[in-house]
Amino acid sequence: MDSVNAMIVFARVVEANGFSAAARRLGLSKSAVSKQVAALEDRLGARLLNRTTRRISPTEIGQALFERCQRIAAEVEEAELAVTRLSAAPRGRLRVNSSMSFGHIFLAPLLPAFQALYPEVTVELTLNDRLVDVVEEGYDLAVRIARLGDSSLIARKLADARRIIAAAPAYLAQHGRPAAPADLAAHNCLTYSYVARPGVWRVGDADGAVHEVAVTGSLHTNNGDALRAAALGGLGIVDLPTFLVGDDIAAGRLVHLFPHYVDRFGGIYAVYPHNRHLSAKVRALVDFLVEQIGPRPPWDCPFVAGRDAPAAQ
């Protein structure tokens, strides 16, 4: 059994690309994981991992062993789950990450209902706007609002993500309303830093053509709530998700400047590490979010109605 345990630990180290992430996944200390791998190398008389200060990677022998160890780990997990599946219920600590704005406005208010359904689940919610490494930082699930690229993570779409260009009536009264996308270049445009091109906005004209407009302004920040607050105060024009400004548009606090155009820039996803058997607590939260949010979330109702632009490529 010591050999089997060591092989499972070795497989998790390779999957997680490091001892620390594997230790968190296994509920062990980093030193315990390192000792298991070292003992396996001693027992086999072969070096299994190339180690540097920044990362680890399997040797040729290690890669061949890893593929077999993965199958062993899967069979052990299958055997354990076969015994517990019928009585398994969501329980334990659930580490969740989300962006500041979405987490504060929508995710946190949903948690009381979720935990009323699953009282044995304890949620640890972290909010920030940087892109976290779900595996390395030990999260069970993250809510991401983006156009997802290739990833080893599993992603389940909750809803489309849309954004619009808006400004407060006070700003428009003082500076005028842009009549065409090119007019944005002459306005104070407040930009968000956690995008690939913060100074380039994508907007369509009345004829259906989509333009990329270079914009500048007096505020550049990494937080959508800060941009919304500045826009409400009349500082300038913003390009923000509908979940953040939808209520402001409906109440007249902000004006949708190009009402014929809504930019579908990706999706809202629940992402989680790949596992042959998704844990009951993660599955419960994902299913709950799908039911509560998608596919047509209430904040999008005033903006969709056939005016969607294709998602950005």
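Just so you know, all these numbers are worked out from the coordinates, no wet-lab data involved. As the structure is a prediction and not an experimental result, all values here were calculated from the model. Note that each Cβ is placed from the backbone with ideal geometry, even for glycine, and that neighbours are counted across all protein chains shown.
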Amide H contacts under 5 Å for residue 164, restricted to residues at least 5 apart in sequence or on another chain and with H modeled in the peptide plane, are 240, 242
Along the range 176-192, Karplus-curve 3J(HN,Hα) (6.51, -1.76, 1.60; θ = phi - 60°) to the nearest Hz, with x for Gly and Pro, reads x, 9, x, 8, 9, x, 4, 5, 4, 4, 9, 10, 7, 9, 8, 10, 9
Shape parameters for the chain, alpha-carbon atoms, Rg then Dmax in Å:
24.0, 77
For the range 1-149: relative contact order, % (alpha-carbon pairs under 8 angstrom, 6 or more apart):
23 percent
Need one number: nm distance between label points at residue 71 and residue 196, each 7 Å from Cα along Cα→Cβ, rounded to one decimal.
4.0 nm
Using only Cα atoms, locate the centre of the range 106-160 and the centre of the range 14-92, then give the distance between them in Å, rounded to an integer.
24 Å
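Normalised radius of gyration for the range 2-84, please: alpha carbon Rg relative to 2.2 N^0.38 Å, two decimal places. Each step should come with its number before you reach the end.
Working: Rg = 12.4 Å, N = 83, 2.2 N^0.38 = 11.8 Å.
Dividing the Cα Rg of the range 2-84 by 2.2 N^0.38 Å gives 1.05.
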Under a point spin-label approximation (7 Å from Cα along Cα-to-Cβ), what is the residue 220-residue 100 distance to one decimal in nm?
1.7 nm
Can you grab the distance from the C-alpha centre of the range 246-298 to the C-alpha centre of the range 217-235, Å, no decimals?
22 Å
Amide H of residue 211 versus every other amide H placed in the peptide plane: which residues, excluding those fewer than 5 positions away on the same chain, fall under 5 Å?
203, 204, 205
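Relative contact order for the chain: what is it in percent, counting Cα pairs under 8 Å that are at least 6 residues apart?
Working: 507 pairs, mean separation 62.6, N = 313.
Computed over the chain, the figure is 20 percent.
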Determine the calculated [θ] at 222 nm for the chain from helices alone, applying -39500 (n - 2.57) to every DSSP H run no shorter than 4 residues and normalising by the residue count; nearest 500 deg cm²/dmol.
-11500 deg cm²/dmol
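Taking loop as defined by DSSP and a crowding limit of 12 other beta carbons within 10 Å, which trypsin sites (Lys or Arg not before Pro) in the range 87-153 fit? It would help to have the intermediate numbers written out before the result.
Values: sites: 91, 93, 95, 130, 144, 147; in loops: 91, 130, 147.
Here the sparse-neighbourhood loop sites are 130.
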